[in-house]
Amino acid sequence: MTELPLSGIKVIDFTGVQAGPACTQMLAWFGADVLKVERPAGGDVTRNQLRDDPDIDALYFTMLNSNKRSLAINTKSPEGREVMEKLIRQADVLVENFAPGAMDRMGLDWETLQKWNPRLIFGSVKGFNEDSPWNDLKVYENVAQCAGGAASTTGFWDGPPTVSGAALGDSNTGMHLLIGLLLAVIDRDKTGKGQKVAVSMQDAVLNLSRVKLRDQQRLEKVGYLEEYPQHPHGEFGDAVPRGGNAGGGGQPGWVLKCKGWEDDPNAYIYFTLQEQNWKRTAEAIGHPEWVEDPDYSTPLARQPRIFEIFEAIEKWLADKTKYEAVDILREFDVPCAPVLSMKEIANDPALRRSGTVVEVEQKGRGKYLTVGSPIKFSRFKPDIQGAPLLGEHTEEVLNELGYDADAIAGLRADKIVA
Ligand code: CAO
C-alpha cells in the first residue's frame, strides 16, 4: 500500500464538537497519528449528543473522529498535565478549540507550549479573532454564520436572516485550519520552527461569503444589484439583501418545481439561464421564438421578466420528474441538477463508488454511513475506519510514554485516566 503523506506526523487532538475534530479527522485520514485527548468523564460532548441508541456513541461523534486514538485523561490534575507535557514534547501538531482562555487556565498557554517544543505547530479555533470585541465569546455554528455575513444574505427578502444546513461555521473552519496546519508543516521543514495557526469561525464564514462583500461595494456604487430578484421591480436598502435562490454570479437561476412537487418536498431542480447558452436553453424549454425576440434575447431584456420566464419553465417541467428534466436539459448544455434529499444522497451508488459516501464499521454499533474524503488523489485513497471508544488507547499511549502497569493503575484509582 502507498505510504500516506502524513505518516510519521504526531497530532495531539485536544478538540471537541465539530470545528476542531473535522480538521484532525482529515489529518488522520491522510496518515497522521491523531491522538484525541478527552475528559475521563464523558469525553467529547458529542459522544453523548443526539444519540440514536442510548448505549453507544452518537453518530455526531463517530462521523467526526474516525481513524483516531483516544486517551481519556484529566489534564487539569498535576499528573495529567505531566502526561500532556510528555506528549507535547514529542508532538508535531497540537490542535484545540476550547472556549477562549481555557488553554491558559490549564497552564497550556502558547508560551509554555513553545518552551516545551519549539517545533510544535499549535492550531487553535475560536469564534472570533483576537482583534474582535467579541473575542471572549463561546461560539457555535449558527452564531458564526450570523456573525460572518452568511445569515443576513441567506433566505428570502420577506423573511428573517436564515442559516444554512451546511456547516459553514464548524467544518468549514476546520478545513481552513487544516490548510493552515499543512502550510505550517511546510514552513517548519524550511525554518525548523513551529508556529501558532489561528482561525476564527467568523473569518472562515466570511471567506465563503466573499461574493456578498463584492455585492455590498457594487450596491454602494450603483444603488442596485442587477442579478437580484429585487431588480428592477423592488427596492434596495443600503445593505446586501437576501436574494432567495438567485445565482450568486452573473448567471440567473432559480429552484423550479417539477412533477410531484405537491407531495414531495424535494421535487425540484436548480435551473441556470446561462447567457452564452441562451439559444439552446430557449429551444430546450420549448420557446425557440425567444432567441430572436428582443424582449428575451439579451440578459438585460430578460431580467425584468425573469419570473415570467421561470414560470414558463415550470410549465414545461410540470410533466417531468426532476431526473427526467435533468436528462433532457443535459442534452442542451443547461447547467442544472436535481435537488437531492439526504435519503437520495445516502443511497446514491455513484457517491458510494467514488468514496464520497462510505460505509464504516464501528465497535458496538455495526455499519454506518459517513462522508469520506471529498478530495481525490491519483496516488492514494484514505481507508476510513471507526472512531475510538472513550479511553480505548489510554493504556497503550501511557505505555508508549514509559508508564508501567502500576503507575497506570494508580492514575486509574485516582480517576485521572479512564
Ligand atoms: N481534562 C480536564 N479538563 C478538560 C479536559 C480534560 N481532558 N478537556 C477540557 N477540559 C475543560 C476545559 O479546560 C474547560 O475548563 P474551564 O472552563 O474550567 O476552563 C472545560 O473543560 C470546558 O471547555 P469547553 O471549551 O469545551 O467549554 P464549553 O463546553 O462550555 O464550550 C464551546 C463549548 C464549543 C462553545 C467552546 O469550546 C468554544 O467556544 N470553542 C471555540 C469555538 C469553537 O470551536 N466552537 C465550535 C464548536 S462546533 O459547533
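The values are calculated or read from the model by the stated rules, or taken from the named source; none is laboratory data. Since we're looking at a predicted model, the values are computed, not measured. Positions of Cβ are backbone-derived with ideal geometry, glycine not excepted, and every protein chain shown enters the neighbour counts.
Annotations
- Listed by first and then second residue, the pairs with beta-carbon distance under 6 Å, at least 6 apart or on different chains, first residue in the range 43-59 and in contact (Cβ under 8 Å) with a residue 24 or more places away in the chain, second surrounded by fewer than 20 Cβ atoms within 10 Å (Cβ to Cβ) and of a type in the set (Lys, Arg), are Ile56/Arg365.
- Hey, Glu79 among the charged types (D, E, K, R), at pLDDT below 95 and either over 26 Å from the mean Cα position of the chain (by Cα) or assigned to a loop (DSSP other than H, G, I, E, B) (or both) or not: no
- Qualifying position, being part of a loop (DSSP other than H, G, I, E, B) and in contact with a Ser or Thr (Cβ under 9 Å, 6 or more places away or on another chain), among Leu168, Leu225, Leu178, Leu137: Leu168
- For Lys115: the one exception among (1) in a helix (DSSP H, G or I); (2) crowded, with 21+ Cβ neighbours inside 10 Å: (2)
- Residues of the range 306-343 that turn out to be more than 30 Å from Gly234 (Cβ to Cβ) and touching a helix residue (DSSP H, G or I) at 6+ places or on another chain (Cβ under 8 Å), as a count: 5
- Residue match in the range 126-144 (condition: buried (at least 19 other Cβ atoms within 10 Å of the Cβ), within 16 Å of the ligand (Cβ to nearest atom) and among the β-branched types (Val, Ile, Thr)): yes
- Flag set for Gly386, criterion: crowded, with 18+ Cβ neighbours inside 10 Å, of a type outside the set (Phe, Trp, Tyr) and part of a loop (DSSP other than H, G, I, E, B).
- Among the residues of the range 90-107, not a single one is more than 10 Å from the ligand (Cβ to nearest atom), in contact with an Asp or Glu (Cβ under 6 Å, 6 or more places away or on another chain), farther than 24 Å from Leu168 by Cβ and of a type outside the set (Lys, Arg).
- Any pair with Cβ under 8 angstrom, 6 or more apart, that starts in the range 103-120 at a residue that is within 19 Å of Asp187 (Cα to Cα) and ends at one that is basic (Lys, Arg): Trp110/Lys196; Asn117/Arg89; Pro118/Lys193; Arg119/Arg188; Arg119/Lys193
- Of everything in the range 329-364 that is over 21 Å from the mean Cα position of the chain (by Cα) and in a strand (DSSP E or B), the residue that is farthest from Trp316 (Cα to Cα) is Gln362.
- Residue in the range 150-167 that is on the phi < 0 side of the Ramachandran plot and within 11 Å of the ligand (Cβ to nearest atom) present: yes
- When Val37, Val17 are checked against the criterion of being closer than 26 Å to Tyr140 by Cβ, near the ligand (Cβ under 10 Å from one of its atoms) and out of contact with any Leu (no Cβ under 7 Å at 6 or more places or on another chain), a single residue qualifies: Val17.
- Candidate set: the range 128-150, residues that are among the hydrophobic types (A, V, I, L, M, F, W, C) and farther than 13 Å from Leu206 by Cα; chosen: the one farthest from the chain's Cα centre (by Cα): Trp134
- Residue in the range 99-109 that is of a type outside the set (D, E, K, R), in contact with a helix residue (DSSP H, G or I) (Cβ under 7 Å, 6 or more places away or on another chain) and not in a loop (DSSP other than H, G, I, E, B) present: no
- Residues in the range 6-59 that are within 17 Å of the chain's Cα centre (by Cα) and not in a helix (DSSP H, G or I): Thr15, Gly16, Val17, Gln18.
- Selection from the range 186-206 of residues that are in contact with a helix residue (DSSP H, G or I) (Cβ under 9 Å, 6 or more places away or on another chain) and more than 16 Å from the ligand (Cβ to nearest atom): Lys193, Gly194, Gln195
- Here Leu6, Leu59, Leu27, Leu64 are screened, and the one residue that is near the ligand (Cβ under 10 Å from one of its atoms) and under 16 Å from Ile384 (Cβ atoms) is Leu64.
- Exactly one residue out of Leu411, Leu369 is surrounded by 18 or more Cβ atoms within 10 Å (Cβ to Cβ) and in contact with a strand residue (DSSP E or B) (Cβ under 8 Å, 6 or more places away or on another chain): that is Leu411.
- Note on the range 344-360: residues that are within 18 Å of Met26 (Cα to Cα) and touching a residue at least 24 places away in the same chain (Cβ under 8 Å) amount to 3.
- The condition of being surrounded by 13 or more Cβ atoms within 10 Å (Cβ to Cβ) and more than 30 Å from Ser66 (Cβ to Cβ) holds for Lys320.
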